[in-house]
Amino acid sequence: MGDCDNSFDEMKLKKKVREIEEKFWLSKEVLMQVADDIEVMMQKGLKDQDSSFIKMLVSYVDSLPTGDEKGCFYALDLGGTNLRVMQVKLQGNRTIDLKSLSYMVPHKLKVGKMDELFDYIAHKVSIFVEKEEDDPNFELLPSRKRELGFTFSFPVYQTRISSGTLLNWTKEYDIKEAVGKDMVEELTKALERRNLDMNVTALLNDTVGTLAGGRFYDSNVVAAVILGTGMNAAYVEKTKNILKPYGVPPKSGQMVINTEWGNFNSPCLPLTEFDQALDEDSPNRGKQALEKMLSGRYLGEIVRRVLLWLAENAALFGDTVPPKLREHYILGTDTVSAIHSDSSSDLGVVRESLEQLLEITKVSLDQKKLIVKICEMVATRGARLSAAAILAILKRLGKDTA
């Protein structure tokens, strides 16, 4: 480990921190403009998704649960970080019995070959099925296939609920050969390679699934927001407002829309040099601008870049720049959250994080306070942008007034 040289110019450092703080602070006026621009792009996306940063994808879900449903179903949830395999028994009266297994998807599969990713998914499904069949209480009706819903946390173009063509990857996935392929077909082929007799009946974005889950428990739910590895939202739109072609309008007069608002960009979005540099180094350069400013995949990396800049330009850690601080994504958002939440008098969590991740020791209390401040300003900006995005949906639904 390298000791931190405390011979830094405290006044210069605090001045640089104030400059950065000004760049990350968003006024109410800026946030209102962001909300307005998001809502305008949502309207454009309902007319023509190719002319808007926000695609407003039709989900082909035109009705939502009431809470009275019954039956046994299976689900896959592929997100930016984890894969979950589930059996869900709907019991009516807004109650469920849930069994699940969760796995962290290896990074090599996120950037490897398409068949390798889907074979991995099918393998985990087979483990779940084997465990289930070993249960003496399990019974599958003769000639009845397992019904499987596939929650897929990436943008797809759909023409029906049981099919979807991948438009592009987000988060840290980058399997180029998968773009333009039907994700249901690829999953079905992988399941067949494992001799799994399952019928993939629905492909949903995770926000659409979250909205359906919310409606199962509460009939007043009209939108769902996910702020995790990535960020996105879904809501219930009136079909008369969907002007782009998507097929015969449903009799219900409504449709769940997957906004894909993480791709929002606008001149009013105040990107800093740290955001721009992060985007330049990302596999999906020029995309997901809003997501890269506030989601779990990127918040830690933004903090790292700010700390590195302060180390290089204001001697945050003395005359030397800690080598580990130059490693991309070494600082996770979970660490930033822990640092931000450190309420101990000596900021012991900050010290442990610096020692374990960045191999930095002997940091003064004032330096630790500045690091907490950096985490706070990055997190606060993310929270305020999230609020602006949510306001845009409320405006879209006419629910933005008390």
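Here are the numbers for the structure shown:
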| quantity | calculated |
| --- | --- |
| Tally, over the range 79-108, of residues that are aliphatic (A, V, I, L, M) and touching a helix residue (DSSP H, G or I) at 6+ places or on another chain (Cβ under 7 Å) | 3 |
| Search result, residues across the range 163-185 that are farther than 21 Å from ASP50 by Cβ and either within 19 Å of the chain's Cα centre (by Cα) or surrounded by fewer than 17 Cβ atoms within 10 Å (Cβ to Cβ) (or both) | LYS171, GLU172, TYR173, ASP174, ILE175, GLU177, GLU185 |
| Long-range neighbours under 6 Å by Cβ, at least six apart or interchain, first residue in the same structural domain as LYS108 (by TED's automatic domain parsing) within the range 174-195, second assigned to a helix (DSSP H, G or I) and not aromatic (Phe, Trp, Tyr) | ILE175/MET114; GLU177/MET114; ALA178/MET114; ALA190/ASP119; ALA190/ALA122; LEU191/ALA122; ARG194/ALA122; ARG194/SER126 |
| Qualifying positions in the range 201-225 - crowded, with 21+ Cβ neighbours inside 10 Å and in a strand (DSSP E or B) | ALA202, LEU203, LEU204, ALA223, ALA224 |
| Pair list, Cβ < 8 Å and 6+ apart or interchain, from the range 351-372 residues that are assigned to a loop (DSSP other than H, G, I, E, B) to residues that are among the charged types (D, E, K, R) and surrounded by fewer than 18 Cβ atoms within 10 Å (Cβ to Cβ) | GLU359/LYS324; LYS362/ASP3 |
| Filter result for PHE138 (modelled with pLDDT under 95 and closer than 16 Å to PHE73 by Cα) | yes |
| Answer residue from the range 272-286, given it is in contact (Cβ under 8 Å) with a residue 24 or more places away in the chain and not in a helix (DSSP H, G or I) and is nearest to VAL306 (Cα to Cα) among those | THR272 |
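The values are calculated or read from the model by the stated rules, or taken from the named source; none is laboratory data. What you see is a predicted model, and the numbers here were worked out from it, not measured in a lab. For neighbour counting, all protein chains shown are included, and Cβ atoms are generated from backbone atoms with ideal geometry for every residue, glycine included.
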